[in-house]
Amino acid sequence: MRKVLNWFSTALTVFLMVIVIVLAVVVVAAKASGGEPTILGYQLKSVLSGSMEPTFQTGAVIAVKPLEQDEKQSLQKQDIITFQSEEGIPVTHRIHNVIHSGVHTMYETKGDNNNTIDKDLVLSDNVTAKYTGFTIPYAGYFTQFAQSREGSALLLIVPGVFFLIYALFLIITGLKSIQNQQ
């Protein structure tokens, strides 16, 4: 029984430490990058609309790889790209058609769930990243919350408080064990 309790105690300690570290990294990365966390060179983007359903659902997090200038002009039909709209809003849609006009490459894009092609062509210079195929459903709700002032504070404080309470419990249990042995 004692071994099971020791194992459980160790597992819980490791679990709480991992949660605190992961949350701290996500919150700090989100704040440092201006909103979107970057991990191992990939940007994590929250899906805010249903325009690309069923490829990815609203509330998912997708990984996109930022593109170098030369990569922006060599994208293919069916690639899923992230680009800046004319309003400066990042949009992730599928390339429906590639148009070459002199030295410029432009992309006709469309959301998988949209009935029509996007009204504006996307200049290759406005493409920022390409979808990697990696999606975490519903995690976007968490990252949006983590990026808020209240969320970042809550996600750093609550696990830390639980960790401190658990550490206090371990100390008290250890002291009682020492007293019982004497």
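Annotations for the structure displayed:
- The chain: relative contact order in percent, alpha carbon pairs under 8 Å with at least 6 residues between: 23
- Computed from the C-alpha gyration tensor, the three semi-axes of the ellipsoid equivalent to region 56-163 are 34, 14, 12 Å, from longest to shortest.
- Across region 76-182, C-alpha contacts under 8 Å between residues 6 or more apart give a mean separation that, scaled by the residue count, equals a relative contact order of 18 percent.
- Taking a straight line from the alpha carbon of Lys65, these aspartates and glutamates sit under 13 Å away, with near neighbours fewer than eight places off in the same chain left out: Glu36, Asp79.
- Exposed loop sites here mean GluC sites (Glu not before Pro) with a DSSP loop assignment and at most 12 other beta-carbon atoms within 10 Å; the chain contains its longest site-free run at 88-182.
- Take Asp125: with every protein chain present and a 1.4 Å probe, its accessible area is about 80 Å².
- Solvent exposure, largest accessible area first (probe 1.4 Å, DNA, RNA and ligands not counted), of Lys176, Lys110: Lys176, Lys110
- Ellipticity estimate at 222 nm from DSSP helix runs (n ≥ 4, -39,500 (n - 2.57)) divided over the chain, nearest 500: -14500 deg cm²/dmol
The values are calculated or read from the model by the stated rules, or taken from the named source; none is laboratory data. Treat the numbers as computed from the prediction; the structure is a model and nothing was measured. Cβ: placed from backbone, ideal geometry, glycine included. Neighbour counts: every protein chain shown. Note: accessible area is taken over every heavy atom of the protein model, side chains too, but ligands, DNA and RNA are not part of it. Shrake-Rupley method; radii C 1.70, N 1.55, O 1.52, S 1.80 Å.
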